[in-house]
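Just so you know, all these numbers are worked out from the coordinates, no wet-lab data involved. It should be emphasised that the depicted structure is a prediction, and the values quoted were computed from it without experimental measurement. Cβ coordinates were reconstructed from backbone atoms using ideal geometry, including for glycine residues, and neighbour counts include every protein chain displayed.
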Amino acid sequence: GICESFNGRFRDECLNEVWFRSIDEARIITEEWRQDYNTVRPHGSLGRIAPSQFAQHFREQKLSA
């Protein structure tokens with residue numbers, strides 16, 4: 001499901017691509033990947049928009065209802 005998809009992408013696009021030299025470096029790089037995943041990257045399941053955009057649209061619709 002959803003968790004498996006996220007974990008697979010995280011592993012393939014981040015963890016398998018970088019040899020972390022320290023815990024701090026791992027934190028920085030994984031946080032950059034997470035920010036991109038949630039704020040930039042379009043998700044097919046959300047109508048090809050980023051999760052942050054989807055959440056904003058949802059809040060706006062809820063307020064106008």
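Please give me, ordered by residue number, the trypsin sites (Lys or Arg not before Pro) of the chain that lie in loop per DSSP and have at most 14 other Cβ atoms within 10 Å. Before the final figure, lay out each step's value.
Details: sites: R9, R11, R21, R27, R34, R48, R59, K62; in loops: R21, R48.
When the trypsin sites (Lys or Arg not before Pro) of the chain are filtered for loop state and at most 14 Cβ neighbours within 10 Å, R21, R48 remain.
Show me the GluC sites (Glu not before Pro) within the stretch 1-47 that DSSP assigns to loop and that have at most 13 other Cβ atoms within 10 Å of their Cβ.
E17
For D12 and A26, compute 0.36 nm times the residue count separating them, minus their Cα-Cα distance, and round to one decimal in nm.
Taking 0.36 nm per residue and subtracting the Cα distance, the gain is 3.5 nm.
Would you grab the residues whose amide H sits under 5 Å from the one on H43? Only those 5+ places off in sequence or on another chain, please, with H modelled 1.01 Å from N.
Long-range HN contacts for H43: R48, I49, A50.
Taking the Cα centre of the chain as origin, work out the dipole magnitude from +1 charges on Lys and Arg Cβ and -1 charges on Asp and Glu Cβ, in debye rounded to 20.
Approximately 300 debye in magnitude.
Which residues make up the longest stretch of the chain clear of chymotrypsin sites (Phe, Trp or Tyr not before Pro) that lie in a DSSP loop with no more than 14 other Cβ atoms within 10 Å, not counting the sites?
21-65
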